[in-house]
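First the structure, in the form of structure tokens, and then the observations on it.
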Amino acid sequence: MDETILIQAAQAGNKAALRELFEQNRRRIFGLAYQYTKNAEDAEDILQETFIKAFRSLASYRIEREGGFGAWLFRIGVNASIDYLRRHKARRAEAGEEALSTVPAQGSDVDPEETRRLNEWRERIRTSLDSLSAKQRMVFLLRHENQFSIREIAHELRCTEGSVKTHLFRAVAALRVQLRPTTVEDRS
Amino acid sequence: MTCRRFKRHLILELYDELSAKDRRKLHSHLDRCVSCREELESTREALGRLDRAPSGPVPEPDWERSWRAIDAGLEPARRVPGGKVFVPRWAYAAAGLAVLFILGIAVGRYWLPSGPSPNGRAAVADILSPAAVQGALGRHFDDVEPMLAAYSNNGSADKSEAHFMNDREAAQALLVQNLLLKRALARKDPKLADLLDDLSFILTEIANIRNQNAETPSALKNVINRRQVLSRIRRWDKI
């Protein structure tokens, strides 16, 4: 269905149209939130917050101004993710949550030693990412994993390109220290 | 330019975000500075290690649970532009009807003498005043008539998918009203029962329309006109 019509129906409060918008965009938002938090439960919370915020402010959405519903929603998802992490970072650190799921050993041909190393490495990445601020983490995610340009990130986060460069610089500098090889195995 | 200034450029270079001018300056510096060259390589290596680490599959959340949470989160704030709380028109009629039925049950249970009715249970229409029944039915016909008139006049000519979507939702709600009225009144008035039967068929069709290319709208137009549904509704309204 034409997106304009769908959005007009949703703006009028049509539940089926809201549901359709959810169906069309849910995977992208959940994917973003999961990439960001590395935790399915947190990602689901962010997914819900994003859609509630978006649907509540649908009246202010203007197709010609926002560059498509998906882009507008993604921007809300980015900000919801940052807000969520800021709110929950302390709690997560306190609880010592296992943010990254560990890779289980499957089948007889999987080397348990390799699995152990992989899980340790993933845990190091998680710890490294946790050492970043919420905004540094988002800038890094958008640039490194989603291949957004610095200009696009500045647009998404409503900040200057200089500010994005600073966040990216600090994020990479921190990750480089955290992910420095510490064992002979790591160097191999 | 000092090494400190170039540190920032090293990272921008790795992400291909340097201008041509800055890139030339950086490479000229790298030719002379071992420390910056090593830093560039160690950063490249760290990011490469990050890329090579398998991230694992993205889990599949419970989409239905998420939708329910979103829907519940929207309930208190579902509004239309202009700031008014969005309440569909049919909701008022449905709410009125529900009050009427609860009232009817209360009257039957507490104020009327108990005893078997001819078919085992008293019809609500037996209990409520004729004026109340007339009112409920009149409101139902007021809700149904504009939708039927649109199908009768235009078929699918002016209808977009959004219109069909609205019609589907409205028809689903009106079907419930129609069913309740049919149960309450059919026994007393066979002609009315016949009309409510036709409405039931038409509303079911509208509630199931999927797209404007379907033949349903023109078929509906034929049914509405052939069965003279609109004139029967208007005739009943005059009673």
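FYI, it's all coordinate maths here, none of it is from the lab. The model shown is predicted, which means the values in this text are computed figures rather than measured ones. As a convention, Cβ positions derive from the backbone with ideal geometry for all residues, glycine included, and neighbour counts pool all protein chains shown.
Structure summary
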{"quantity": "Alpha carbon convex hull of the stretch B:3-50, projected area averaged over orientations, nm²", "calculated": "3.1 nm²"}
{"quantity": "Theoretical FRET efficiency, 1/(1+(r/R0)^6), r = Cβ-Cβ of A:R87 and A:R180, R0 25 Å, to 0.05", "calculated": "0.20"}
{"quantity": "FRET efficiency estimate (nearest 0.05) - Cβ-Cβ, B:E75 to B:D22, R0 41 angstrom", "calculated": "0.15"}
{"quantity": "Kirkwood Rh in Å, taken over the stretch A:109-188 so that all alpha-carbon pairs contribute", "calculated": "14.0 Å"}
{"quantity": "Residues A:F55, B:F201, sorted so that the one with the fewest Cβ neighbours within 10 Å comes first", "calculated": "B:F201, A:F55"}
{"quantity": "Footprinting exposure proxy for A:I63, A:I29, B:I202 (fewest neighbouring C-beta atoms within 10 Å first)", "calculated": "A:I63, B:I202, A:I29"}
{"quantity": "Per-residue average of Cβ from other chains inside 10 Å of A:136-147", "calculated": "1"}
{"quantity": "Computed label-point distance, nm, for sites A:E113 and B:F201 using a 7 Å Cα→Cβ extension", "calculated": "7.9 nm"}
{"quantity": "Long pairs among A:K38/A:K135; A:K165/B:K25; A:K135/B:K21; A:K15/A:K135; B:K191/B:K221; A:K135/B:K25, criterion Cα-Cα beyond 24 Å", "calculated": "A:K135/B:K21; A:K15/A:K135; A:K135/B:K25"}
{"quantity": "Average beta carbon contacts from partner chains per residue of A:35-48, 10 Å cutoff", "calculated": "3"}
{"quantity": "For peptides A:68-75, B:219-226, sequence by mean Cβ density within 10 Å, most packed first", "calculated": "A:68-75, B:219-226"}
{"quantity": "Where labels lie 7 Å past Cα in the beta-carbon direction, separation of B:L179 and A:S57 in nm", "calculated": "4.1 nm"}
